[in-house]
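The values are calculated or read from the model by the stated rules, or taken from the named source; none is laboratory data. Keep in mind that what you see is a predicted model, and the values were worked out from it rather than measured. Cβ: placed from backbone, ideal geometry, glycine included. Neighbour counts: every protein chain shown. For accessibility, only protein heavy atoms count, side chains too; no ligands or nucleic acids. Shrake-Rupley method; radii C 1.70, N 1.55, O 1.52, S 1.80 Å.
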2 protein chains.
Amino acid sequence: MNIHSSPSFRPLYDQIKILITQSLIAGEWRPGDAIPSEIDLAARFKVSQGTVRKAIDELAAENILIRRQGKGTFVASHSQERASTRFLRIARDDGVAEYPTSRLLSVTRERAPEASASLLDLRTGASIFCIKRLLSFEGVPRILDEIHVPAASFKGLDDAMIRNYPGSLYSFFESHFGIAMIRAEEHIKAVKAGPIEAELLHVPQDQPLLRVDRVAFTYGDRPVEWRRGLCHTERFSYVTEMS
Amino acid sequence: MNIHSSPSFRPLYDQIKILITQSLIAGEWRPGDAIPSEIDLAARFKVSQGTVRKAIDELAAENILIRRQGKGTFVASHSQERASTRFLRIARDDGVAEYPTSRLLSVTRERAPEASASLLDLRTGASIFCIKRLLSFEGVPRILDEIHVPAASFKGLDDAMIRNYPGSLYSFFESHFGIAMIRAEEHIKAVKAGPIEAELLHVPQDQPLLRVDRVAFTYGDRPVEWRRGLCHTERFSYVTEMS
DNA sequence: TAACATATAACTTATATAAGATATAACACA
DNA sequence: TGTGTTATATCTTATATAAGTTATATGTTA
């Protein structure tokens, strides 16, 4: 009988992964920061450089860290060029890259409905912020978003803060609330446009729309955002890959 | 100036990856087979075991190989339990796992239309097989598929062969034609059901449907299948994840 | 003896450490 | 401006141990 027989056995590199994740949760290193070098981390955790390397390899594969040869290893941030399209899967059919512009419709404080509350691990009725916005490509409205985040994690969020922020919403969440989105699950359906959506998206009622429901997670797989996007997919598609 | 400065420089493990892929293309190891052990491959390629290991690690991360501790490393196959849902992203909203049944509608030989030909690297008008089928969950039709594959790569394919085959279509392609699908790209839109789809899917005309266009690739990133699926997403969703 | 259980050996991948060479980037300094 | 230094990640090899799988040998028992 040795420690490896124990049911709670985890390889060293996995324990290092957890320790690094805990430092990310604690905010010791924030998005965009460089983390210590592999050798420094090895000394700190009392393991070999190779073991730290394997832990970082996996975190880099999950897009939580980013390695740059010669420079160091950095905490992934949504305030980076490459990140702009990381969670935006709607793209032009002709392949031309284009980033949408956002028109903020409303920011309200509400009681969480059952649907989003359960997915965010909140009690139904817990306080949330509800953000509504309209994304346009080439000035043409394409996506109507409704976004729910727990008020407790986003204290002080308001309309003006978002309106004045130049970058993406996730970049905003990072810089103002220290919450980095690292993973998301989406459920997609085809639905008919109702009267409100039809008007905002400039489409006839009953127009088929993509309904994209998302739950996004931060470090430690903690769900912190629910959103529903309604997308008019004329000349645009939701693009994904599998292997 | 050394070889590492050369523009064509590739790390050793990457070259090993290519060599392994070439053996897969050549059919030296077929889906389901065990490949030689890391030590044997290291001897064969005249590199260290660690380098072979890194190459296999990456191929395993791409779901091309599968490692099984104590047993060996195997070529991924669609004729495996775990593979059944690998390329099927439509799932019940309540999360209950369920595999659809298939009704084959037709298998015809046709001239490739421009759309699928260009995506499959064929001339427009090249000979293809066109497979139409209807997938049902709990006996309820949900997905209408139209599938194009190059006739040159699927010689002798016909109606009866598919009908008599017990497993999935990709499993069938593997066992009868030695073509393994390892990756796919999908473009998704919301569209209205036309008269034909409406009847087959038991929905009213103009019902919103998910239209999922796929190109699937085999070893060496060679495109070998185009398909269009029309999905009725009542109580079902297209599920995906991102990070 | 035949059937079954157990121990052992030989194989596999998985984990961990160490060491040296190379590529890339930033910076100091001539 | 350019050149060398330094610090970083990257690549490659080597070695050792751990752990999972399978076949075979060796018992033990009916």
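Report the relative contact order of segment B:32-129, percent, no decimals, based on alpha-carbon pairs under 8 angstrom and at least 6 residues apart.
18 percent
Place the label 7 angstrom along Cα→C-beta at B:Ala126 and in each other copy, then list the distances from the first to the rest in nm, shortest first.
5.4
With n ≥ 4 as the cut-off for DSSP H runs, can you work out [θ] at 222 nm for the protein assembly as shown, using -39500 (n - 2.57) per run divided by the number of residues, rounded to the nearest 500?
Working: 14 runs with 126 residues, N = 486.
Dividing the helical sum by the residues of the protein assembly as shown leaves -7500 deg cm²/dmol.
For the pair B:Lys46 and B:Arg163, what calculated FRET efficiency results from E = 1/(1 + (r/R0)^6), where r is the Cβ-Cβ distance and R0 = 56 Å, to the nearest 0.05?
0.70
Taking a label point 7 Å out from Cα toward Cβ, give me the nm distances from A:Glu62 to the same spot in the other copies, shortest first, one decimal.
Its label point is 2.4 nm from the equivalent points in the other copies.
Counting heavy atoms of the protein chains only and a 1.4 Å probe, report the per residue accessible area for chain B as a whole number of Å².
Details: 12080 Å² over 243 residues.
Per-residue accessible area for chain B comes out at 50 Å².
By how many nm would the segment from A:Glu234 to A:Asp33 lengthen if fully extended, with 0.36 nm per residue of separation less the alpha-carbon distance?
68.4 nm
Can you give the Rg/Rh ratio of segment A:1-139, where Rg is from the C-alpha atoms and Rh is the Kirkwood radius?
1.10
Only Cα pairs under 8 Å and at least 6 apart count here; give the relative contact order of segment B:3-75 as a rounded whole percent.
So the answer I get is 34 percent.
Can you tell me the equivalent ellipsoid semi-axes for the protein assembly as shown? Use √(5λ) from the Cα gyration tensor, largest first, whole Å.
36, 36, 21
Rounded to the nearest 0.05, what FRET efficiency do A:Glu241 and A:Ser127 have when you use their Cβ-Cβ distance and R0 = 35 Å?
Values: r = 37 Å, r/R0 = 1.07.
That pair, A:Glu241 with A:Ser127, gives E of 0.40.
Dipole of segment A:3-75, Cα-centred, from +1 at each Lys and Arg C-beta and -1 at each Asp and Glu C-beta, to the nearest 20 debye?
120 debye
Report, in debye and to the nearest 20, how large the dipole of the protein assembly as shown comes out about its Cα centre when Lys and Arg carry +1 and Asp and Glu carry -1 on their Cβ.
Result for the protein assembly as shown is approximately 800 debye, rounded to the nearest 20.
Taking 7 Å along the Cα-to-C-beta vector as the label spot, tell me the A:Asp93-B:Ile196 distance in nanometres, rounded to one decimal.
That separation, rounded to one decimal, is 1.8 nm.
Distances from B:Arg30 to the same residue in each other copy, label points 7 Å out along Cα→Cβ, in nm, shortest first?
5.9
If you fit an axis through the alpha-carbon atoms of helix B:12-26 and take the longest principal axis of the Cα set of chain B, what angle between them do you get, 0 to 90°, nearest 10?
50 degrees
Using Cα-Cα distances under 8 Å and only pairs 6 or more residues apart, what relative contact order does chain B have, in percent?
RCO, chain B: 17 percent.
Taking Cα atoms of segment A:78-151, Rg/Rh with Kirkwood Rh, to two decimals?
Taking Rg over the Kirkwood Rh, I get 1.07.
Mind checking the alpha-carbon convex hull of segment B:111-243 and giving the volume per residue in Å³?
With only Cα atoms used, segment B:111-243 gives 137 Å³ per residue.
Taking the convex hull of the alpha carbon atoms in chain B, what volume per residue do you get, in Å³? Could the numbers behind the result be given before it?
Numbers: hull volume 40.5 nm³, N = 243.
That works out to 167 Å³ per residue.
Provide the gained length on full extension for the span A:Lys71 to A:Asp206, in nm with one decimal, where the gain is 0.36 nm per separating residue minus the Cα-Cα distance.
Full extension of this stretch gives 43.3 nm more.
Give me Rg/Rg_expected for segment A:62-103, where Rg uses Cα atoms only and Rg_expected = 2.2 N^0.38 Å with N residues.
1.48
I need the semi-axes of the equivalent ellipsoid of segment A:157-197: take the C-alpha gyration tensor, multiply each eigenvalue by 5, square-root it, list largest first in whole angstrom.
Semi-axes (√(5λ), whole Å): 27, 18, 7.
Could you size up the charge dipole of chain A around its Cα centre, putting +1 on the beta carbon of Lys and Arg and -1 on that of Asp and Glu, and report it in debye to the nearest 20?
It comes to approximately 460 debye.
In Å, the Kirkwood hydrodynamic radius of segment B:172-243 over pairs of distinct alpha carbons?
Evaluated over segment B:172-243, this radius sits at 14.1 Å.
One-quarter of the Cα convex hull surface for segment A:3-75, in nm²?
With every direction weighted equally, the projected area is 5.2 nm².
Let me see the P(r) profile for segment A:35-98: every Cα-Cα distance counted, bins of 5 Å, each bin given as a percent of all pairs.
Final binned percentages: 4, 15, 21, 20, 12, 10, 8, 5, 4, 2, 0.
Looking only at trypsin sites (Lys or Arg not before Pro) in DSSP loops with at most 15 other Cβ atoms within 10 Å, what is the longest site-free stretch of chain B?
B:156-234
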